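Colleague: Got a structure for you, questions after.
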Amino acid sequence: MRFIRYYSKLLDAQGMPHLSVTQHKRLFNIISLESRVDELQRLKDNAPSMDLKYKYDVRIHRLKKSLVTLTKDELPKNIMNNMLWKSDN
């Protein structure tokens, strides 16, 4: 949840960034994916059986793959700078 934490601190410090509609969609997708991964990780940690843990692992892996596609595994600061740059152009 590193992007969510970074974005939250950014909002507190600088206010709402001016993003294009496309970049807003990307932002919300990243936030949504990070939240879903976190939720599934918590469920997996409390799962009673190994079968259920495996199912959660598969779902987590798929979501993380989507997250890497959106973020290219960059630092949150770089992602936000890129989004702001794309919004200005």
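Colleague: Full extension from Glu39 to Glu74: what is 0.36 nm times the residue separation minus their Cα-Cα distance, to one decimal in nm? Let's see the in-between values first.
Modeller: On the way: separation 35, 0.36 × 35 = 12.60 nm, distance 2.20 nm.
So the chain would gain 10.4 nm between Glu39 and Glu74.
Colleague: Express in % the proportion of alpha carbon pairs of the chain at distances exceeding 18 Å.
Modeller: Numbers: 1908 of 3916 pairs.
Tail of the P(r) past 18 Å holds 49 percent of the pairs.
Colleague: Of Ser20, Leu33, Pro48, which is farthest on the positive side of the dipole of the chain, counting Cα position, with +1 on Lys and Arg Cβ, -1 on Asp and Glu Cβ, and the Cα centre as origin?
Modeller: My answer, from the dipole projection, is Pro48.
Colleague: Provide, for the chain, the number of lysine pairs with alpha carbons under 22 Å apart, each pair being eight or more places apart or on different chains.
Modeller: 22
Colleague: Can you give the helix-only mean residue ellipticity at 222 nm for the chain, where every DSSP H stretch with n ≥ 4 adds -39500 (n - 2.57) and the sum goes over all residues, rounded to the nearest 500 deg cm²/dmol? Walk me through the numbers on the way to the answer.
Modeller: Details: 4 runs with 73 residues, N = 89.
One gets -28000 deg cm²/dmol as the mean residue ellipticity at 222 nm.
Colleague: Separation between the Ser32 and Asn46 pseudo-spin-labels, each 7 Å from Cα along Cα→Cβ, expressed in nm?
Modeller: 2.4
Colleague: Would you mind checking the tilt of helix 2-14 against the longest principal axis of the Cα atoms of the chain, expressed as 0 to 90 degrees and rounded to 10?
Modeller: 30
Colleague: Applying 1/(1 + (r/R0)^6) with R0 = 22 Å to the Cβ-Cβ distance of His18 and Asn89, what FRET efficiency is obtained, to the nearest 0.05?
Modeller: Details: r = 13 Å, r/R0 = 0.58.
Approximately 0.95, to the nearest 0.05.
Each reported figure results from applying straightforward, stated rules to the coordinates on display, with no laboratory input. Predicted, not measured: the structure shown is a model, and the values here were computed from it. Glycine also receives a Cβ, built like all others from the backbone with ideal geometry; neighbour counts cover every protein chain displayed.
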